[in-house]
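Undergrad: Can you read through this structure? Questions will come right after.
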Amino acid sequence: MQDLIRCDIATLERAGRIKKLLEGRRVILASASPRRKELLSCMAGDFEIIPADVDETLPDYIPVRMASEYLARKKCLAVAELYPDAFVIGADTTVVVDDEIFGKPSGKKEAYSMLERLSDRQHSVISGIAISCMGRTKSSSDTTVVGFAKLTSAEINEYIASGAPFDKAGGYGIQDFKDSKVHIDIGSYSNVVGLPVEELTLLTEAFLSTEGSLYGSVFTEKE
């Protein structure tokens, strides 16, 4: 778990406090991602997984770097509408290269193209998060700058053959590579895995406090 999260001690301590604050609440993760499930377990004791079934098509007016937060809110609100008394958490992650969003590759050809473009350069990973309970919704996002070493064709093909790229934005999981191949240049490791523990902890802490309205998204409460 510690290797997957890679957060600092202060964040882990804060996550422990959030775990206590969420005790007795019905917590729902609106995502089927096993990686998000593992990350959330550090800050929520018992929680349910109810994936959101939403259209992830982005409206033209949503900027590329706000896409993840928009989709996280959409997923969160879809589940919160069904379970309004629960503490619902939604998340979405995008890989951005040259202001272009890399989603999950549709097949081997697209996976190869993505990994080839990611090779030997930096890119951004943006994870949006949203929480909703009793009609209140807050959201935020976190950005990590990631660097790839140069990947050979053989390395790309070997990774594709493993089947790992196809359920991950950008066609890769940072936990699948050695540090010598993929490294964090700026930002959070857990954000790249799919759930920014540090940002979610801050957002949850603010949401549960009387000053929750001072922290969060530019999106409106009701969309």
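Undergrad: Which one of S209, V193, V27 has its Cα pushed farthest toward the positive end of the charge dipole of the chain, where Lys and Arg give +1 and Asp and Glu give -1 at the Cβ?
TA: Of the options given, the answer is V27.
Undergrad: On to the next question. Sorted by packing (mean other beta-carbon atoms within 10 Å per residue), highest first, where do 170-181, 49-60, 155-166 land?
TA: The peptides rank, most packed first, as 170-181, 155-166, 49-60.
Undergrad: Sticking with this structure for a sec: Would you calculate the separation in nanometres between label points at M134 and L58, each defined as 7 Å from the Cα along the Cα-to-beta-carbon direction?
TA: 3.5 nm
Undergrad: Counting only DSSP beta bridges with both residues in segment 2-214, what percent are antiparallel, rounded to the nearest 5?
TA: 85 percent
Undergrad: Binning at 10 angstrom from zero up to the longest distance, how are the C-alpha pair distances of the chain distributed in percent?
TA: Distribution as computed: 8, 35, 35, 18, 4, 0 percent.
Undergrad: Using a simple spin-label model with points 7 Å from Cα along the Cα→Cβ vector, what separation in nm is obtained for E116 and D46?
TA: The modelled label-to-label distance comes out at 5.1 nm.
Undergrad: For the pair L82/K20, report the inter-label distance in nm, with labels modelled 7 Å from Cα in the Cβ direction.
TA: The modelled label-to-label distance comes out at 3.4 nm.
Read-outs: derived from the displayed coordinates by stated rules, not from any lab. Keep in mind that this is a model prediction, so the values were computed, not measured. Ideal geometry is used to build each Cβ from the backbone, glycine not excepted, and the neighbour counts take in all protein chains shown.
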